[in-house]
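What follows is one structure encoded as structure tokens, with my remarks underneath.
The values are calculated or read from the model by the stated rules, or taken from the named source; none is laboratory data. Treat the numbers as computed from the prediction; the structure is a model and nothing was measured. Cβ placement follows ideal geometry from the backbone for every residue including glycine, while neighbour counts extend to all protein chains displayed.
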Amino acid sequence: MKRRSFIKLAIAGGVAWPVAAGAQQDGRIRRIGVLSGYSQNDREGQARVAAFLDTFRKLGWADGRNVAIEYRWAAQDIERAKTMAAELLRQASDVILVNASVALAELQRQTSTVPIVFVQVSDSVGSGFVAGLARPGGNITGFENFEPAIGGKWIGVLKEAAPTLNRVAMTLGSDSASNVAILHGAQAIGPSLGVKVTAIDIHGGIEGAIAAFAGQPDGGLIVVPHYKMAANRGSIIVLAARHRLPAIYPYQ
């Protein structure tokens with residue numbers, strides 16, 4: 001399936017919806033499923049939905065008139081993502097929009113036929129979601145947020161902001177192939193900038209690890225996108241501020 005024919009509408013800063021050409025003229029109400037990695041009361045998640053709906057309406061689509069949109073909020077929980085993916089598939093969605101790798105992995109496991117468009121997913125090739133960026137193949141396509149090389153670019157940005165920086169801790173999930181790839185990208189660039197890059201696993205004691213890292217001077221923090229990081233981003237921001245660590249938060 002070619003990406004250009006698969007994706008008909010691209011809006012809201014990278015949110016894409018695949019819709020058959022002429023869908024508004026054939027009188028059939030399209031069913032669109034939205035599987036979000038955010039919790040329903042998360043302001044960031046609601047802001048993204050609002051941006052999508054605003055542009056969707058401008059393009060002539062109205063929920064309840066020519067399209068029916070079903071929302072599910074996984075709240076960064078793998079079991080919830082599994083259940084909600086199954087619910088959207090049972091409802092015979094024409095297409096499903098998904099953000100967060102954990103939710104996409106569940107959809108990929110449960111269907112190979114329903115069209116899926118992803119956003120906010122890193123290293124989709126390395127994670128096994130698509131065969132390639134130019135030719136994704138299968139029933140999945142979308143927009144990546146970060147390639148592995150972004151890790152090195154973030155190190156450079158921190159170095160510009162804090163020239164004496166010589167240590168950077170990256171909070172990430174060791175269970176995420178994309179997170180590990182970003183870490184490797186940062187570690188490849190770090191020596192050329194005089195920066196040592198270490199990892200802090202979100203699955204461990206992150207508060208104690210950040211406090212220990214901040215015990216030495218000239219350190220900085222990079223928060224790599226991960227479903228558990230999104231759920232705990234408020235506390236991580238507080239920790240970085242408390243320990244006076246210059247930090248990069250891609251989504252915070």
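Quick rundown of the values:
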quantity: Selection within segment 203-232 - part of a helix (DSSP H, G or I) and crowded, with 18+ Cβ neighbours inside 10 Å; calculated: Ile206, Ala209, Ile210, Phe213, Tyr227, Lys228, Met229, Ala230
quantity: Qualifying residue in segment 116-123 (condition: in a loop (DSSP other than H, G, I, E, B) and more than 26 Å from Val67 (Cα to Cα)); calculated: yes
quantity: From the options Ile200, Ile182, residue that is part of a strand (DSSP E or B) and modelled with pLDDT under 95; calculated: Ile200
quantity: Residue count, segment 234-248 (criterion: surrounded by 17 or more Cβ atoms within 10 Å (Cβ to Cβ) and in a helix (DSSP H, G or I)); calculated: 3
quantity: Those residues of segment 230-252 which are closer than 11 Å to Thr171 by Cα and touching a Pro at 6+ places or on another chain (Cβ under 9 Å), in sequence order; calculated: none
quantity: Subset of segment 131-145 that is farther than 15 Å from Gln108 by Cβ and not hydrophobic (A, V, I, L, M, F, W, C) - its residue that is surrounded by the fewest Cβ atoms within 10 Å (Cβ to Cβ); calculated: Gly132
quantity: Residue list for segment 146-164, restricted to those being surrounded by 20 or more Cβ atoms within 10 Å (Cβ to Cβ) and either part of a loop (DSSP other than H, G, I, E, B) or among the aromatic types (Phe, Trp, Tyr) (or both); calculated: Phe146, Pro148, Trp154
quantity: Criterion violated by Met170 - all others in (1) under 19 Å from Val121 (Cβ atoms); (2) assigned to a helix (DSSP H, G or I); (3) without any contact (Cβ under 8 Å) to a residue 60 or more places away in the chain satisfied; calculated: (2)
quantity: Tabulated pairs, segment 131-151, first without any contact (Cβ under 8 Å) to a residue 12 or more places away in the chain, second of a type in the set (A, V, I, L, M, F, W, C), C-beta under 7 angstrom, 6+ apart or interchain; calculated: Gly132/Val125; Leu133/Val125
